[in-house]
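A quick write-up on the structure given underneath.
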Amino acid sequence: MKQGDRLEVRAEGLAESGAGTVEVEGVLVQVGDLAPGEQAEIEVQSVSRHHPRAYGRIVERLGTPSVDRQEPPCPGYGRCGGCAWQHVRYPVQLEHKRRRVLEALAGLIDADAIQPVIPAPSETHYRNKASYVLARGSDGQLIIGGRVPRSSEVVDTRGCQVVEAVIDEIAIHAGACLERTKIAVDDGQRTPGGVRYLLVRTTAEGRAALGVVTRSGIAPEGLRQLVEALATHPAVETVSHFINDETSGAVLSDIPPTAMVGSGRFDERYGPVVASAGVESFLQIHRGQASVLYRSLGQRAAGAKRAVDLYCGLGAIAFHLAAAGIETVGIERSVDAEWAQRAAEQSDLPVSFLRADAADAELGQVDLVVVNPPRKGLSRGAR
């Protein structure tokens, strides 16, 4: 199999990316917007040199659509990479996700112990954080959105149905502010001082914290005008400025932010505790489902006396374990550990936090270890 090959396939499953999957000659081929059971003629776009994996695009659909297909609600579906499961009915999505857990834990746990996935109360407008890439199209038009998977192309995602409605309002507002202030946006050419990203985080009360990420060398007066314009949206509580000259694709660098409107922090409640967060802090993006997860964890941890929460962020899990009467230590390498410790000192819960790398932390005698690592997984020393 090589790039450019044409194949007729019938999707058998769903990849983590939401693409339909089919095995061809020992190679797992992933095809976007193809639901299980659907047939299509596809063109192979790329073949992995390291894994028996390939990616294809639909040239022509064959046969009838699957009964499991639905009309995606998001206008960015199929391009931004953030809505890749939306062509499949929600109950079917949940079952496929349960199957992925079964596959991952095969041989380690009885399949009957894997319960059905608890559905979210809403399929849209649940995400409480968005990271927008800023660019200019070939026609000079401002783009606020995300990169197409495996591409440097940026697609506009204003009108997104996944983020909370106020986040989309702010993205639209930001577009008007950028055009009005005429500040340069980074177009991938490493524009000195160009604005690269916009971060938006909302609280449970509907307030918003913003982060403006630029390259170094931005004109102070232009930045001030942009930030003041952004802050005119009634939901905006604080705006911070981040500098990032890196070429790795990471949204943020290690340079601490500068608060330009407000304190750069906002309050977020975790059970009985209120902690101070920044737009860059790690928080679960689905507030409603996070609450379900934390309650379930507290119930399952019953009987434990001492617990450690690795990669704890601002300590949401640690605070919930402590609220269940478990002596808990949270370990986090970022500055969030210090903010979590401040919140812990103002509570009467048996919880404390240590700013350290999970791989280097001395855990001592514990009954329970909870890990919620970054996407790359546990560091080698923490395994």
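The values are calculated or read from the model by the stated rules, or taken from the named source; none is laboratory data. Small disclaimer: the values here were computed from a predicted structure and weren't measured. Counting neighbours? That spans all protein chains shown, and the Cβs are built from the backbone with ideal geometry, glycine included. Keep in mind that these areas ignore ligands, DNA and RNA; they rest on the heavy atoms of the full protein, side chains included. Shrake-Rupley method; radii C 1.70, N 1.55, O 1.52, S 1.80 Å.
Of the strands (runs of 3 or more DSSP E) lying entirely inside region 212-281, those carrying at least 3 residues that are within 23 Å of Gly313 (Cα to Cα), open to solvent by less than 60 Å² (accessible area, probe 1.4 Å) and out of contact with any Pro (no Cβ under 9 Å at 6 or more places or on another chain) are 266-270, 273-277.
Looking at this structure, is Val133 touching a Gly at 6+ places or on another chain (Cβ under 8 Å), open to solvent by less than 60 Å² (accessible area, probe 1.4 Å) and outside any loop (DSSP other than H, G, I, E, B)?
Values: touching a Gly at 6+ places or on another chain (Cβ under 8 Å): yes; open to solvent by less than 60 Å² (accessible area, probe 1.4 Å): yes; outside any loop (DSSP other than H, G, I, E, B): yes.
Yes, satisfied.
The set of residues in region 153-200 that are in contact with a Gly (Cβ under 7 Å, 6 or more places away or on another chain), assigned to a loop (DSSP other than H, G, I, E, B) and either among the acidic types (Asp, Glu) or modelled with pLDDT of 95 or more (or both) contains only Asp186.
Scan region 63-92 residue by residue and report those that are outside any loop (DSSP other than H, G, I, E, B), of a type outside the set (A, V, I, L, M) and closer than 21 Å to Val9 by Cα. First the steps, then the outcome.
Start the filter on region 63-92 by keeping residues that are outside any loop (DSSP other than H, G, I, E, B), which leaves 69, 88, 90-92.
If we keep only those that are of a type outside the set (A, V, I, L, M) too, we end up with 69, 90-91.
Result: Arg69, single match.
Just one residue in the set Leu28, Leu7, Leu34 is outside any strand (DSSP E or B) and hydrophobic (A, V, I, L, M, F, W, C); that residue is Leu34. No other residue among Arg61, Arg98, Arg150 is open to solvent by 60 Å² or more (accessible area, probe 1.4 Å), of a type in the set (Lys, Arg) and modelled with pLDDT of 90 or more apart from Arg61. When Arg127 is tested against (1) open to solvent by 50 Å² or more (accessible area, probe 1.4 Å); (2) without any contact (Cβ under 8 Å) to a residue 60 or more places away in the chain, just one condition goes unmet, and that condition is (2). A Cβ distance below 8 Å, combined with a sequence gap of six or more or placement on separate chains, defines the contacts here; from region 142-159, residues that are over 16 Å from Cys83 (Cβ atoms) and without any contact (Cβ under 8 Å) to a residue 40 or more places away in the chain reach residues that are open to solvent by less than 30 Å² (accessible area, probe 1.4 Å) and in a loop (DSSP other than H, G, I, E, B) in the pairs Ile143/Gly137. Scanning region 81-92 for residues that are touching a residue at least 60 places away in the same chain (Cβ under 8 Å), closer than 28 Å to Ala113 by Cα and over 18 Å from the mean Cα position of the chain (by Cα) yields a single hit, Val88. Cβ separations smaller than 9 Å between residues 6+ apart or across chains give the following pairs from region 26-50 residues that are over 14 Å from Gln3 (Cα atoms) to residues that are hydroxyl-bearing (Ser, Thr, Tyr) and crowded, with 20+ Cβ neighbours inside 10 Å: Gly32/Tyr55; Asp33/Tyr77.
Being free of Cβ contacts under 8 Å to residues at least 60 places away in the same chain and buried (at least 21 other Cβ atoms within 10 Å of the Cβ) is true for just one of Glu179, Glu164. Which residue is that? Exactly one residue qualifies, and that residue is Glu164.
The numbered conditions (1) under 18 Å from the mean Cα position of the chain (by Cα); (2) at positive phi are all true for Arg190 except (1). Out of Ala54, Ala19, report the one residue that is more than 29 Å from Ala165 (Cα to Cα), at pLDDT 90 or above and buried (at least 20 other Cβ atoms within 10 Å of the Cβ). Just one listed residue meets the conditions, Ala54.
Look at Arg6 and say whether it is in contact (Cβ under 8 Å) with a residue 12 or more places away in the chain, under 23 Å from Arg375 (Cα atoms) and basic (Lys, Arg). It is false that Arg6 is in contact (Cβ under 8 Å) with a residue 12 or more places away in the chain, under 23 Å from Arg375 (Cα atoms) and basic (Lys, Arg).
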